[in-house]
Amino acid sequence: MKASESELALLSDQSADPAPLGWATRQWFRQLAACRLCRNVTLAVFVAILVIETLILVPSYRNYEEDLLRQYEAVARQGIATFLASTNVSKEPAAAQALLRATGLLGIDMKTADGSQAAGEPVGQAAATDGKLRDIPRPAPGKLDLLWSNPEWAPDWEIAARLDISELSGELWAFVFRILGLSLLIALFVTLVTMSVLGRMMLAPLLRLRHRILQAGEDAAHPLHYVRQPERCDEFGEVAGALNKMLVHISTYQDRLQVLNEELDKLVDQRTRSLKATEKELHIRSWYDQLTGLANRALFEEHLRNFLRHAETESAAGVGALLMLGLDNFQTINGLAGHAAGDRMLQEIAHRLSHYAQEKNLVARLGGDVFALLLPHMSGADPQKLQREIEAITGTVSQPVIVSGQELQCDVSVGVALIPTDGQDAPTLLQHAEIAMQKAKAVRENSIHFFSKTLSQQVRQRQTLLTELKSAIPQGQLKLHFQPQCDAVRDCVGYEVLIRWDHPSWGPIPPSHFIPLAEDSHLILTLGDWILEQAIVQAKRWIEEGFHGRVAVNLSAQQFAKPGLVDEISELLTQHRFPANQLELEITETAFMGDIDRAITIMQQIRALGVQLAVDDFGTGYSSLAYLKLLPVNRIKIDRAFVKELPANQQDLILCRTIITMAHNMGCQVIAEGVETEEQATCLLDAGCDELQGYLLGKPGPVVLPPGAPKPKVGG
Ligand code: C2E
Ligand code: CA
Ligand code: CA
């Protein structure tokens, strides 16, 4: 709120510049009129005075009327007394008439012992004059009947007279107007005085105070500028003093506030910077691979989409090739050399790949050990050029990487999808390149495979097979077969459990077809659990019939990596009250390679249950007798590949002998699988092999007879 011009005039009450008197007075009045407080107070004073005057007027009026009536009575009395003194009324019958004329009375009725006389208007029920005259009932307006009974001034007479008081009301009105006029004048005067006092004593200081508060409010930064010595010693002075105190307090807190404000500014600044950094970090995280700094799948897809959109407008054919590169056996490197070395290797490969990318985001790490690279302007129209380019890339990528003085090398399998032949949108192209890469990996490590319609068909077939496999367990299409494992004297010491799938329309499907599929889709986890439980149930029956041998169940790498595996095995054993030492789990080397330390821990836990462990397909993977001694296994299974050409193949024979000797040195037993001939059996037994498994000793079959036991009843 700002002070108006007139307020300022009033505020400048004490200013040195005297304004012209008329103008100042006018302003002063205007100011007072505008002041609601003053207006109300003056109005109240004015009305109060009027009310008081009016209240006083009522008794005054009555007294005045009485006084007037008394005057009338006195005049009449005087007239009658004078008349009676000067005249012998009783003797003159017309005296009453003369009295009327002499006194101006309207009527008279006089009585003595001698007689009576009357004249003029007849006097009615006259009242005595000793009471209040104004209370005497009047015969008509302007008339008053009075009675004097033997008064002092006429002791012989009883006189009743009618007085003419018609002028009384006029006089009374004049009295009222006089009094009211006077009251008004007094009220006006008192009001003016009140206004003047209010203006000077209240309004001016109040406005000055308000002006000061407003100024201090607007200029909040300098509260001390508005501290003033209080002008007065009344309540206004006290309010001004309180305002001063408040301003001083504000000024004290302002310094503290200033400091706090600065701190807050700093804090906000810090937070903003940290938010920006987080935002940047989030951006990088959501679009870039943390380890290699390459684009991630989302960003790569985005760029691929942009590229395709741009290419559409440019040319319809031969716009590029999408490469998906998968490192072969990277998990093994991770396991053997450690994760830090694996990470370093991925970074180096990413670095090498980025040299082949035309733009930064046209190369990406899609996840794990899989990379993608877009080669614009490379098309199927010049397959040789493309092949050369890809070979150059694989050549570079598979060059050894030196990490902490250790030479690490990884082959790479490449899947190629041509644009637009193999797809016109990003998801299709990526899917097809991946299918081609999987094929490249499956065919041979370190190979290049181009996507084709046939491949797509194969993928679809795999998809159909997978769908069928999912329903195979509930539909009872899967069965367990058992292949005997025999000792040197050909006694059966155990059975390997091998799964069989008899499809109602496609017939028997070999495990080599559907087990990898189950592994790819992780269905192997459900399938594996089912097989293990079925094997335990079946073997338990044999044990109850007197079987003392073991049952060997194949455990896939995924099952081995599954958290809670040991507990599950333990629960199964307890549930079926199965003797742990009669269960053997066959694990391939690839299952250990990911994380050898973890593998050792898990194996130790399995062994602690009493369950036996065998290393399956020994010699085909990254067999290293050096780490083998770390593994708490009971048995090593020499793979069929090394048995097949025995005894003719000298190299295989030496290998088998070495494996057997070293395994024995480590306290492990050895079993050879795929034994089909007597020569193979003899040769292996001569080399010290403990047990044999193969068609020679028995093919896998649905139900077998445990040695030395009555024929088991196979349920289900
Ligand atoms: P594997 O564990 O090495 O199983 C041995 C394979 O060699 C079996 O093939 C068996 O029938 C075959 N075999 C045994 N003796 C001879 C022989 O004298 N000559 C020839 N030529 N072959 C012989 P199968 O049953 O086709 O299984 C193939 C692979 O499928 C298995 O290799 C195993 O890796 C996987 N597999 C089979 N059943 C299961 C299972 O229940 N669970 C898991 N995880 N994998 C299984
Ligand atoms: Ca096996
Ligand atoms: Ca095997």
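Coordinate-derived values only; no laboratory data. Since the model is a prediction, treat every value here as computed from it, not as a measurement. Neighbour counts are summed over all protein chains in view; Cβ atoms, including those assigned to glycine, are modelled from backbone coordinates with ideal geometry.
Just a few scattered comments:
- Dipole moment magnitude, nearest 20 debye, segment 605-676 about Cα centre, only Lys, Arg, Asp, Glu C-beta charged: 300 debye
- For segment 265-407, a/c is not less than 1.5, where a ≥ b ≥ c are the root eigenvalues of the C-alpha gyration tensor, and a/b does not top b/c. That puts it in the oblate class.
- Relative intensity of segment 342-478 on a log10 scale, I(q)/I(0) at q = 0.19 Å⁻¹, equals -1.14, per a Debye sum over C-alpha point scatterers of equal strength in the absence of solvent.
- Think of the chain as a dipole: +1 on every Lys or Arg Cβ, -1 on every Asp or Glu Cβ, centred on the Cα centre; then among VAL537, VAL403, GLY507, VAL403 lies furthest on the positive end.
- Rounded to two decimals, the Cα-based Rg/Rh of the chain, with Kirkwood Rh, is 1.64.
- Relative contact order (%) - the chain, alpha-carbon pairs under 8 angstrom, separation at least six: 8 percent
- Calculated translational diffusion coefficient of segment 18-58 (4 °C, 1.567 mPa s; Stokes-Einstein with Kirkwood radius over alpha-carbon pairs) equals 108 µm²/s.
- Per-residue Cβ neighbour rank within 10 angstrom, fewest leading, LEU168, LEU646, LEU224, LEU323: LEU224, LEU168, LEU646, LEU323
- 21 Å Cα-Cα threshold exceeded, pairs from LYS441/LYS470; LYS562/LYS629; LYS644/LYS699; LYS439/LYS644; LYS280/LYS360: LYS441/LYS470; LYS562/LYS629; LYS439/LYS644
- Stretching THR677 away from VAL176 to a fully extended chain increases their span by 164.9 nm, per 0.36 nm per residue minus the current alpha-carbon distance.
- Long-range HN-HN contacts of LEU613 with modeled amide H, under 5 Å: LEU585, ASN634, ARG635
- LEU336 sits among other residues whose Cβ lies under 12 Å from its own Cβ, and their net charge, with Lys and Arg +1 and Asp and Glu -1, is -3.
- For segment 391-468, projected area of the alpha-carbon convex hull averaged over all directions, nm²: 6.9 nm²
- As a rough footprinting exposure proxy, the listed residues LEU327, LEU55 were ranked by other beta carbons within 10 Å of their own, and the order from fewest upward is LEU55, LEU327.
- Neighbourhood net charge (13 Å Cβ-Cβ; Lys/Arg +1, Asp/Glu -1) for ARG228: +3
- Rounded to the nearest 20, the size of the Cβ-charge dipole of segment 639-703 about its Cα centre is 120 debye, with Lys and Arg at +1 and Asp and Glu at -1.
- For segment 550-577 versus segment 398-416, the gap between their alpha-carbon centres in whole angstrom: 35 Å
- Helices assigned as whole DSSP H runs in the chain whose Cα atoms extend at least 27 Å along their own long axis and whose mean Kyte-Doolittle hydropathy is 1.6 or higher are found at 168-198.
- Charge dipole of the chain about the Cα centre (unit charges at C-beta), most positive-ward option of HIS355, LEU692, ILE159: ILE159
- Note on the chain: with charges restricted to the Cβ of Lys and Arg (+1) and Asp and Glu (-1), its dipole about the Cα centre is near 900 debye.
- Per residue, the convex hull volume that the Cα atoms of segment 452-563 enclose (Å³): 146 Å³
- Compared with the direct C-alpha span, the chain from LYS266 to ALA140 gains 35.3 nm at full extension, assuming 0.36 nm per residue.
- One Cα centroid belongs to segment 232-292, the other to segment 121-168; the line between them spans 97 Å.
- Furthest towards positive pole of dipole, SER86, LEU525, GLN612, structure part the chain, Cβ charges: SER86
- Shape category assigned to segment 501-645 from the gyration tensor of Cα positions, a/c cut at 1.5: rounded
- Here's the list of lysines a cross-link from LYS266 could span, going by alpha-carbon distance under 17 Å and ignoring same-chain residues fewer than 8 apart: LYS276.
- As a calculated quantity, the FRET efficiency between LEU214 and ILE284 at R0 = 41 Å, using C-beta atoms, amounts to about 0.15.
- Sequence ranges 265-274, 251-260, 34-43, ranked by mean other-Cβ count within 10 angstrom, highest first: 34-43, 251-260, 265-274
- When each of PHE560, PHE175 is scored by the number of other beta-carbon atoms lying within 10 Å, the sequence from fewest to most is PHE175, PHE560.
- Mean residue ellipticity at 222 nm, helices only, the chain: -17500 deg cm²/dmol; runs of at least 4 DSSP H residues each add -39,500 (n - 2.57), and the sum is divided by the number of residues.
- Straight Cα distances below 18 angstrom link LYS540 to the lysines LYS479, LYS711, LYS713, with same-chain residues fewer than 8 positions distant left out.
- Pairwise centroid distance, computed over Cα atoms, of segment 319-392 with segment 623-680, Å: 38 Å
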